[in-house]
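In what follows, a single structure is set out as structure tokens and then discussed.
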Amino acid sequence: APLRVCRGLASSGPPNRAELNELSDLFVEAREEIDLAMESIGTTYYNEEAEAAKEAVEAAISKYQAILGNLEDPHSGEFQRGNGLKMEQLRAELEGLIEAGAD
């Protein structure tokens, strides 16, 4: 019986829909915050908007990492392939925002 319990714990399934929906929402929110901050470059609102964008990106990446940390192969690989590039996109867009705002 203990072996069956261990085996059951080791074979984690795919991430649940609620987690994926939350990640998707965080991704969309981060993109929106980045867009708002880009529009505010050169205004008095930029620093505040850039900080909001940074926090939103960090929240999305944190959720991604939390989900990934709870997965095992093959689900972790599938999840990474489906979402890893999106997280890299957020990082790159945030860097672009910060560079554009520094000019």
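Residue by residue through segment 67-87, note down the ones that are touching a residue at least 24 places away in the same chain (Cβ under 8 Å), more than 15 Å from A30 (Cβ to Cβ) and among the hydrophobic types (A, V, I, L, M, F, W, C).
The answer is I67, L71, F79.
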message = Please verify whether A53 is closer than 30 Å to P15 by Cβ and touching a residue at least 40 places away in the same chain (Cβ under 8 Å), treating the condition exactly as stated.
response = yes
query = So which of G101, G84, G96 ends up being exposed (fewer than 14 other Cβ atoms within 10 Å of the Cβ) and either more than 18 Å from A50 (Cα to Cα) or at pLDDT below 95 (or both)?
reply = G84
request  = Report yes if E72 is surrounded by 11 or more Cβ atoms within 10 Å (Cβ to Cβ), over 19 Å from L36 (Cβ atoms), touching a Leu at 6+ places or on another chain (Cβ under 9 Å) and at pLDDT below 95, otherwise no.
outcome  = no
message = Looking at segment 33-66 only, could you name the residues that are within 21 Å of G82 (Cβ to Cβ) and not hydrophobic (A, V, I, L, M, F, W, C)?
response = E58, S62, K63, Y64, Q65
Subset of segment 12-29 (residues that are in contact (Cβ under 8 Å) with a residue 24 or more places away in the chain and within 13 Å of M87 (Cβ to Cβ)) = L23, L26, F27
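The values are calculated or read from the model by the stated rules, or taken from the named source; none is laboratory data. Note that this is a predicted model, so its numbers are computed, not measured. Methodologically, a virtual Cβ is constructed for each residue, glycine included, from the backbone with ideal geometry; neighbour enumeration extends over all protein chains shown.
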